[in-house]
1. Report the chymotrypsin sites (Phe, Trp or Tyr not before Pro) located in segment B:25-131 that are in a DSSP loop and have at most 10 other Cβ atoms inside 10 Å of their Cβ, or state none.
2. Helices from chain B with mean Kyte-Doolittle at least -1.0 and a Cα length along the axis of 30 Å or more, per DSSP H: which?
3. Report in % the part of the accessible area of the protein assembly as shown that belongs to carbon and sulfur, leaving out ligands and nucleic acids; probe 1.4 Å.
4. Given +1 on the Cβ of Lys and Arg, -1 on the Cβ of Asp and Glu, and no further charges, what dipole in debye does chain B carry about its Cα centre, rounded to the nearest 20?
5. Along its three principal axes, how long is segment A:1-57 when you only count alpha carbons? Whole Å, largest extent first please.
6. Quote the accessible area belonging to B:H106 in square angstrom, nearest 10, computed with a 1.4 Å probe and with ligands, DNA and RNA left uncounted.
7. Need one number: buried accessible surface between chains B and A, 1.4 Å probe, both sides summed, DNA, RNA and ligands left out, in Å² to 100.
8. To the nearest 0.05, how large is the calculated FRET efficiency for B:S37 and A:A92 if R₀ is 41 Å and r is the Cβ-Cβ distance?
There are 2 protein chains.
Amino acid sequence: MNIGDVSARSGLPVKTIRYYEDIGLISPLRDTNGYRSFREREAHMLSFLGRARALGFTIEDCRTLLALYNDETRASADVKMVAREHLDRIEAKMADLKAMHDTLSHLVRACAGDDRPDCPILEDLGRTAPN
Amino acid sequence: MNIGDVSARSGLPVKTIRYYEDIGLISPLRDTNGYRSFREREAHMLSFLGRARALGFTIEDCRTLLALYNDETRASADVKMVAREHLDRIEAKMADLKAMHDTLSHLVRACAGDDRPDCPILEDLGRTAPN
DNA sequence: ATGTGGCCTCCAGTTACTGGAGGGTCAAGG
DNA sequence: CCTTGACCCTCCAGTAACTGGAGGCCACAT
């Protein structure tokens, strides 16, 4: 399979696949013409990567997960730990976003949004921090 | 005021303040010894920036908001639009995170997390995409 | 004089790609 | 046989918003 084929199958852009090779996530063979030659194994790994990335795992997490995936003697506890830590990061980020959202939606609602300059949003941003 | 003073007042790291000068958000004067010399105006702008960044606005948004803040003839509608668009981005990101969270927390719960290799997390990641 | 801390500039690295330039390769149509 | 268009290749640079570090000046207290 050429890179275009695995791109279509995995949903990953061609550029991204080349990048994944650069950073050592996959190691496809090369044809005599220099084209990357993907086996089923790599096509499968790319789908794995695409799904893991879609769940928000970092590239380093993906590297770890891929190693565990290929290790028949893994302990599921190791996988679970990686996932759990990622879940914690997601939850932290959701909490951050929720706080921003609450503040901001409140301010947006309070702003008239007309042609006058008075604006509670700017007032809030410009108010001296409470020390 | 030296950079350390405005850093303490705004809560922004010294490095960040220098960076903000680099990209033209602030333009402090210089003392004869080369030190940046901040006036109240800049200290205030830095607090503004800190708050806007804490609400997740991008630097470019901050640039726009700062310009509006300094423009007595602004229309609050312009401010509101910037904020509303940012709120939309936040909501989109929250939805993305929630989807990740739902999938991942389900998988984490399903994983035994013991010393055996069987793992629903890896099974999910490794399953061929449904085409 | 010396030590400590604050300040300076410039360079490089971070994350995970993405775009583009410049240039080979392959299969089909004329 | 040649050309055309779709692929493929490498290498370089840029993105967002900083952050860390090297190397070195400046100010003030001892």
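The values are calculated or read from the model by the stated rules, or taken from the named source; none is laboratory data. Note that the coordinates shown come from a computational prediction; the quantities given were computed from them, not determined experimentally. Neighbour counts run over all protein chains shown; Cβ positions are idealised from the backbone, glycine included. Note: accessible area is taken over every heavy atom of the protein model, side chains too, but ligands, DNA and RNA are not part of it. Shrake-Rupley method; radii C 1.70, N 1.55, O 1.52, S 1.80 Å.
1. Those that pass, being in a loop and sparsely packed, number zero.
2. Sorted by number, the helices that extend far enough and score high enough are B:76-110.
3. 51 percent
4. In total the dipole reaches around 440 debye.
5. Cα extents, longest axis first: 37, 21, 18 Å.
6. Using a 1.4 Å probe on the heavy atoms, I get roughly 110 Å².
7. Details: alone 9420 and 9400 Å², together 14240 Å².
What B and A bury together is about 4600 Å².
8. Approximately 0.60, to the nearest 0.05.
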